[in-house]
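In what follows, a structure is listed as structure tokens, so that the remarks can point back to it.
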Amino acid sequence: HRLLLENAEQLVLVCGRREPYLRRDGAASLAVLRAASLVVGLDGCIKAVGQADVIRNQFSEATFERIIDCSGKCVLPGLVDAHTHPVWAGDRVHEFAMKLAGASYMEIHQAGGGIHFTVEHTRKAAEDELFATFQHRLARMLRAGSTLVECKSGYGLNLETELKMLRVIERAKKSMDIGISSTYCGAHAVPKGKTATEATDDIINNHLPKLKELKLSGEIHVNNIDVFCEKGVFDLESTRRILQAGKDIGLQINFHGDELHPMKSAELGAELGARAISHLEEVTDEGIVAMARAKCAAVLLPTTAYMLRLKQPQARKMLEEGVIVALGSDFNPNAYCFSMPMVMHLACVNMKMSMNEALAAATINAAYALGKSDMHGSLEVGKQGDLLIINSSRWEHLIYQFGGHEALINYVIVKGKVVYENERCETMSSY
């Protein structure tokens, strides 16, 4: 076998019965074992989870490539970041000062900043340069505990640059340990010199057929389609056309909706069978009910509301209505956050989620939002062996400590292989 984790103080399974997601009541009772062990096989999948003495007897004759003593420590599923924009050139640190002085997101956008500023720099950047910075960002996400990340294109807005971004994501899928779900987000903004209708036609007639062709030839495998459905960007009808065209070529629908204005995005997503909708700061009550019924995940982004000083998404209302709530970092030049532990902390403090709900939202539900909860998001037999070991006797420290994950995360493991080991943990107490 590949790996044995022995005698963890707490082993947080998240799910115990192969649930594809947890709603509010399920999240309230996360499956946690005490004095427990876990075994990962050579195929990278979990073979056994249970009480330490039972596992010891069961595997007394087995050999392991690696054994880690987890006494006094906690084992959790690898975190899943359900929404990021990590491929770009040209940071926007200068805009942070403008925001602090009171400029709104759309004011900066209309003045040629925001997405357009990044598009200009990303178009000019060489593919290798984009790949190098992207690799570096993914490595930081991995060290903060993310083992599966959704990665969007969307700073090209023309076919050539969108494909350049998607190739960069494809390279990382093949060469890096971290799991990646890729998203085509060509409808991230209306390119300069085009109307929204012209941009929509270009995407449907040119971009998507090319993606279909590259998928068939095995060059690029895109998982999701995304549109920024927003006043002054893509209206409801354009959004519907693009998402439907993406669905027709086999992409999962996973889009930005109801962020700055109520657009009825949630209702549209539920109707089209969307897997997930992100943001939802301005979602209507009807939209919340429609998403709950359609089992469409809400990917909430506490960093965005925090940075832009927006109204917080109504996490409590969504949870009470039975929506599947997931979390993402929204890592991008506007919300420069790599850390899902910090996202969970913000979700608890600013969106009034419980720690159990936040952990479920950053593991099993985020995996569900990406259509990957069959193999990711919980520590159950048969699932991929992606996990974290934290240097603390209570798992809640991962959320309770704000920004303390650098000294708290002891190991990050993907498919049973240690991909990050933090020596500092061995000499430090976590309290």
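The values are calculated or read from the model by the stated rules, or taken from the named source; none is laboratory data. Computed from a predicted model, the values in this text were never measured in an experiment. Neighbour counts are summed over all protein chains in view; Cβ atoms, including those assigned to glycine, are modelled from backbone coordinates with ideal geometry. Heads up: the accessible areas ignore ligands, DNA and RNA and are worked out on the full protein's heavy atoms, side chains in. Shrake-Rupley method; radii C 1.70, N 1.55, O 1.52, S 1.80 Å.
At 4 °C and a viscosity of 1.567 mPa s, what translational diffusion coefficient does Stokes-Einstein give for the range 172-290, taking Rh as the Kirkwood radius over Cα pairs? Give it in µm²/s as a whole number. Once the numbers are plugged in, D ends up at 88 µm²/s. The alpha carbons of the range 349-431 give a radius of gyration and a Dmax of 13.8, 39 Å, in that order. Across the options THR183, ILE324, CYS337, the greatest Cα extent toward the positive end of the charge dipole of the chain (unit charges at beta carbon of Lys, Arg, Asp, Glu) belongs to ILE324. Of all DSSP beta bridges confined to the chain, the antiparallel ones make up roughly 45%. The charge dipole of the range 1-86, taken about its Cα centre with unit charges on the Cβ atoms of Lys, Arg (+1), Asp and Glu (-1) only, comes to about 240 debye.
Projecting the Cα atoms of LEU42, ALA139, SER392 onto the dipole axis of the chain, where Lys and Arg carry +1 and Asp and Glu carry -1 at the beta carbon, places LEU42 farthest toward the positive end.
Packing here is the average count of other Cβ atoms within 10 Å per residue, and on that basis the peptides 361-369, 88-96, 34-42, 338-346, highest first, run 361-369, 338-346, 34-42, 88-96.
Using alpha carbons only, the radius of gyration of the range 225-275 set against its Kirkwood radius gives Rg/Rh = 0.93. Computed from backbone phi, the HN-Hα couplings of the range 197-206 come to 5, 5, 5, 4, 4, 4, 5, 6, 8, 10 Hz, rounded to whole numbers (Karplus: 6.51 cos²θ - 1.76 cosθ + 1.60, θ = phi - 60°; Gly and Pro given as x).
The value of relative contact order for the range 80-370, using C-alpha pairs under 8 Å at least six residues apart, is 19 percent. Considering only Cα atoms, the convex hull volume of the range 280-431 works out to 122 Å³ per residue.
Taking amide H as placed 1.01 Å from N in the peptide plane, the amide H of ALA326 sits under 5 Å from that of ALA298, VAL299, LEU300, each at least 5 places away or on another chain.
Gain on full extension, evaluated as 0.36 nm per residue between ASP374 and LYS174 minus their Cα-Cα distance, stands at 69.9 nm. Backbone phi angles across the range 207-214, fed through the Karplus curve with coefficients 6.51, -1.76 and 1.60 (θ = phi - 60°), yield HN-Hα couplings of 5, 5, x, 5, 4, 4, 4, 5 Hz in residue order; Gly and Pro are listed as x. Equivalent ellipsoid of the range 75-136: semi-axes from √(5λ) of the C-alpha gyration tensor, largest first, are 26, 19, 9 Å. Here the simple spin-label model places points 7 Å from the Cα toward Cβ, and for ARG17 and LYS247 these points are separated by 3.1 nm. Taking amide H positions as modeled 1.01 Å from N, with prolines and chain starts lacking one, the residues under 5 Å from LEU3 and 5 or more places away or on another chain are VAL40, GLU65, ARG66. Take the chain with all the other protein chains still there, run a 1.4 Å probe, and you get 38 Å² of accessible area per residue.
The amide H of SER181, built 1.01 Å from its N in the peptide plane, has VAL149, GLU150, CYS151 as neighbours under 5 Å, considering only residues 5 or more places off or on other chains.
Where the accessible area of the chain is counted over protein heavy atoms with a 1.4 Å probe, how much of it, in %, is carbon and sulfur? Carbon with sulfur: 50 percent of the solvent-accessible area.
Our note on the geometry: Cα centres of the range 78-99 and the range 259-334, 19 Å apart. Once the Kirkwood radius over Cα pairs is known for the chain, the Stokes-Einstein relation at 20 °C and 1.002 mPa s delivers a diffusion coefficient of 99 µm²/s.
In loop segments of the range 108-207 as defined by DSSP, the trypsin sites (Lys or Arg not before Pro) with at most 14 further C-beta atoms inside 10 Å of their C-beta are LYS192, LYS194. Here the range 80-370 is assigned +1 on the Cβ of each Lys and Arg and -1 on the Cβ of each Asp and Glu. Its dipole about the Cα centre then comes out at about 480 debye.
Compared with the dominant Cα axis of the chain, that is its longest principal axis, helix 285-294 is turned about 60°.
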